[in-house]
1. Per residue of A:49-59, count partner chain C-beta atoms within 10 Å of its C-beta, then hand back the mean as an integer.
2. Compute the distribution of all C-alpha to C-alpha distances in segment A:42-114, in bins of 10 Å from 0, and list the percent of pairs in each, rounded to whole numbers.
3. Relative contact order of chain A, please, whole-number percent, based on alpha carbon pairs below 8 angstrom and at least 6 residues apart.
4. Quick one: compute the contact order of chain B, relative version, from alpha carbon pairs under 8 angstrom and 6+ residues apart, as a percent.
5. Project the alpha carbons of segment A:1-56 onto their principal axes and report the range along each, largest first, in whole Å.
6. Taking K and R as +1 and D and E as -1, what net charge do the other residues with C-beta under 14 Å from the C-beta of residue A:37 add up to?
7. Averaged across B:68-74, how many Cβ atoms of other chains sit within 10 Å of each residue's Cβ atom?
8. Over segment B:69-114, what number does the Rg to Rh ratio reach, with both radii from the alpha-carbon atoms and Rh per Kirkwood?
Amino acid sequence: AQSVTQLGSHVSVSEGALVLLRCNYSSSVPPYLFWYVQYPNQGLQLLLKYTTGATLVKGINGFEAEFKKSETSFHLTKPSAHMSDAAEYFCAVSDANNFNKFYFGSGTKLNVKP
Amino acid sequence: NAGVMQNPRHLVRRRGQEARLRCSPMKGHSHVYWYRQLPEEGLKFMVYLQKENIIDESGMPKERFSAEFPKEGPSILRIQQVVRGDSAAYFCASSPPRQGSGYTFGSGTRLTVV
């Protein structure tokens, strides 16, 4: 089974500052990779995904992530944080044998200070 | 184009009762997944279903939990004889057959066992 590690359960940034949320996974087989965002009392919304091709992936709301196979990482970034970005973010990785089955990290809560 | 519909949004059950959680996938999606989210934790995979078939139930507790996705009607996650430890948010997601599509999540059912 895959394991997904999100470093930092809470991250706090100032409005306008760079957002960096880290995700590392364990797999020798390049998986499919996803970032989801969850607002309070809601379901998860897909931010972006990597399947094949370009390793720098752009998503909604100005977020992007880069797949680095050598580092088994898929960190999420945004150049300038907005108050509306405050939410919980989950990294997900597909199973090596079943690409429709995902493993989720434990989540990172992003706080944006005015 | 309705998204993934889960009901009820909130469910309160006394210990020993049965809980039934329903999920209607997005139109055109034939794959359904159930995940459980405990407080302060990420999502844990429970079961993956297609119409009338359980594809992967490796995350389902061995007792009291069952899931189905009949030919007609929604997918049902059933928890018999609930205990306090079953209190959690249960999320359903659906996807089309194409691998790597990512999930569309419902808003979840928050089960409270009293």
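1. Counting Cβ atoms of other protein chains within 10 Å of each residue's Cβ and averaging gives 1.
2. Computed distribution, short to long bins: 17, 50, 28, 5, 0.
3. Relative contact order of chain A: 38 percent.
4. The normalised contact order for chain B reaches 37 percent.
5. Extents along the principal axes, in whole Å: 36, 26, 22.
6. Neighbour charge sum, excluding residue A:37 itself: 0.
7. Partner-chain Cβ atoms within 10 Å, mean over residues of B:68-74: 0.
8. Rg/Rh for segment B:69-114 comes to 1.06.
We did not get these values from a lab; they are worked out from the coordinates using the rules stated. None of the values given here were measured: they were computed from a predicted structure. Ideal geometry is used to build each Cβ from the backbone, glycine not excepted, and the neighbour counts take in all protein chains shown.
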